[in-house]
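See below for the structure under consideration.
The values are calculated or read from the model by the stated rules, or taken from the named source; none is laboratory data. Here the structure is a predicted model, which means the values were calculated and not measured. Every residue, glycine among them, receives a Cβ derived from its backbone with ideal geometry; neighbour counts consider all protein chains shown.
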Amino acid sequence: MIEDPDIAIIGAGAAGIGAARRLAGSGLSVVVLEALPRLGGRSWTSQAAGVPVDLGCGWLHSADRNPWTQIAEQSGFKVDRGDAAWGNQFRDLGFPASERAAAWGAFAEWSERLAATPPASDRAADALDPASRWTAYLQALSGFISGDELERISARDYAAYDAASTNVNWRVVAGYGTLIAASLPPDVSVHLSTPLKAISLDGRRVALDTPAGTVRARAAIITASTNVLAGDTIALPPALDPWRDAAMRLPLGNNEKLFLEIVGGSPFAPESHLLGDPFDAATGTYYIRPFGYPVIECFLGGAGARAAAADGRDTAFARAIDQLARLFGSQVRTCLRPLIASDWAGTASIGGAYSHALPGQAAARTALARPYDGRLFFAGEATHTTDFSTAHGALESGTRAAAEALAALALGT
């Protein structure tokens, strides 16, 4: 049986860990309940081919103001400040410089239209140039950035993120997931493989039903993903219907990663990059030999990630190898082996990648972040109005929710 705490935190991802860090030293008892058998949530560094690979978030976005950067350095984690290779196309294979300039120009023009003259519909797709030959390219970028097609993306929501981003991207050499998992305060009680089944209000306590028993806390901080809150994984009381409705307006997009191991001699250069096919909205984007490691990271978004989830891991790996073989030549098939893959869509306690607001629904982020009755507090990247879809947005939301809980409990004593 888990002891009844002052504050229970649901979820040990970046938001839950952020909340736990804020509550450390408060004098209140804190318990963290996590459905997965590990810490980190959507941040997960795994060892594969003898090196750390991030199956979830991998880049310190807006790194020059990202609080995880400071946490990493204070904790002794090395931060690599090298430039990302994303804008490059190794040897111009399949996407020459003139074409890249035209494609990037189309993206810049679309982004400017969203910011300067957003469509009345708030649909990001309605800012596309119907005469442009780069629509598939922009849809692919939308898949990588937001996990969904532009028809389902709020222009206002996207523009808020874009305006706040500093476009500085760094990496944690040991892995972003390693950093986040290591950042839970050591004196916080955490229970892994302990999914939340139901929330009910029991007098002035919050009753949290788990397979290990019912935990009755004075307050709870809920960091579950929007797909979980909107679904039937957790039974919620009718009073939380507005929060469930807000979560439905902020669905998780689809993003998955595949890692290929490089064996033997190959043409793959360290710290290089390729977009598979700029005219295919479901294309993979390939980061080759990060830190010189013998791996290739294939990142899939939107249609590409949904296809990987629907067709299975083997088919997804085969497609990635086919795409690389078309660019490098068929001989590379002999030096590429499927290594490890994510399955965020199939992870029941998460159900996807990161949130985006549906057209007209950007205000749902603020609605989801509202506390309920001085006892329930909501955090997670989806509750951040500008840094959603990031681990630092999740961290900041957890810090905010913990501060709200502390203030509420102080008033209630």
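Worth pointing out:
- The residues listed here are A391, A357, A379; of these, the one that is under 20 Å from A14 (Cβ atoms), modelled with pLDDT of 95 or more, touching a Phe, Trp or Tyr at 6+ places or on another chain (Cβ under 7 Å) and hydrophobic (A, V, I, L, M, F, W, C) is A391.
- Scanning the range 318-336 for residues that are of a type outside the set (S, T, N, Q), closer than 30 Å to G11 by Cβ and in the same structural domain as A140 (by TED's automatic domain parsing) turns up nothing.
- Just one of the listed residues (F90, F77) is among the aromatic types (F, W, Y), over 30 Å from I17 (Cα atoms) and modelled with pLDDT of 95 or more, namely F90.
Listed here are the residues, each with its yes/no results for (1) farther than 29 Å from I222 by Cβ; (2) of a type in the set (F, W, Y); (3) touching a Lys or Arg at 6+ places or on another chain (Cβ under 7 Å).
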{"site": "F259", "(1), (2), (3)": "yes, yes, no"}
{"site": "Y286", "(1), (2), (3)": "yes, yes, no"}
{"site": "P294", "(1), (2), (3)": "yes, no, no"}
{"site": "T315", "(1), (2), (3)": "yes, no, no"}
{"site": "L339", "(1), (2), (3)": "yes, no, no"}
{"site": "T347", "(1), (2), (3)": "no, no, no"}
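- Selected residue (criterion: nearest to the chain's Cα centre (by Cα)) from residues of the range 19-59 that are more than 25 Å from D343 (Cβ to Cβ) and outside any loop (DSSP other than H, G, I, E, B): A19
- For the range 186-199, a residue qualifies if it is closer than 18 Å to L240 by Cβ and either surrounded by 15 or more Cβ atoms within 10 Å (Cβ to Cβ) or in contact (Cβ under 8 Å) with a residue 40 or more places away in the chain (or both), and the qualifying residues are P195, L196, I199.
- Candidates in the range 85-101 are the residues that are surrounded by 15 or more Cβ atoms within 10 Å (Cβ to Cβ) and of a type in the set (G, A, S); of these, the one that is farthest from A140 (Cα to Cα) is A85.
- Pick from the range 192-204, criterion in a strand (DSSP E or B) and modelled with pLDDT under 95, ranking: farthest from G352 (Cα to Cα): D202
- Flag for V228 being in a strand (DSSP E or B) and assigned by TED's automatic domain parsing to the domain that holds E396: no
- Of the helices (runs of 4 or more DSSP H) lying entirely inside the range 103-182, those containing at least 2 residues that are under 24 Å from G87 (Cβ atoms) and either of a type in the set (A, V, I, L, M) or over 21 Å from the mean Cα position of the chain (by Cα) (or both) span 135-146, 155-164.
- Every test in (1) crowded, with 23+ Cβ neighbours inside 10 Å; (2) within 19 Å of G253 (Cα to Cα) is passed by G175 save one, and that test is (2).
- Taking the range 60-72 as the range and being surrounded by fewer than 19 Cβ atoms within 10 Å (Cβ to Cβ) and either at pLDDT below 95 or not in a helix (DSSP H, G or I) (or both) as the test, the residues that pass are D64, R65.
- T399 meets each of the listed conditions (1) part of a loop (DSSP other than H, G, I, E, B); (2) out of contact with any Leu (no Cβ under 8 Å at 6 or more places or on another chain); (3) of a type in the set (S, T, N, Q) apart from (1).
- Selection within the range 227-276: residues that are of a type in the set (V, I, T) and more than 26 Å from E297 (Cβ to Cβ). The member of this set that is surrounded by the fewest Cβ atoms within 10 Å (Cβ to Cβ) is T233.
- So A367, is it out of contact with any strand residue (DSSP E or B) (no Cβ under 8 Å at 6 or more places or on another chain), among the small types (G, A, S), surrounded by fewer than 22 Cβ atoms within 10 Å (Cβ to Cβ) and farther than 19 Å from V32 by Cβ: yes
- Test for L240: is it touching a Phe, Trp or Tyr at 6+ places or on another chain (Cβ under 7 Å), under 17 Å from A348 (Cβ atoms), part of a helix (DSSP H, G or I) and of a type outside the set (D, E): no
- Filter result for S75 (touching a residue at least 12 places away in the same chain (Cβ under 8 Å), surrounded by 15 or more Cβ atoms within 10 Å (Cβ to Cβ) and either within 23 Å of P185 (Cβ to Cβ) or of a type in the set (S, T, N, Q) (or both)): no
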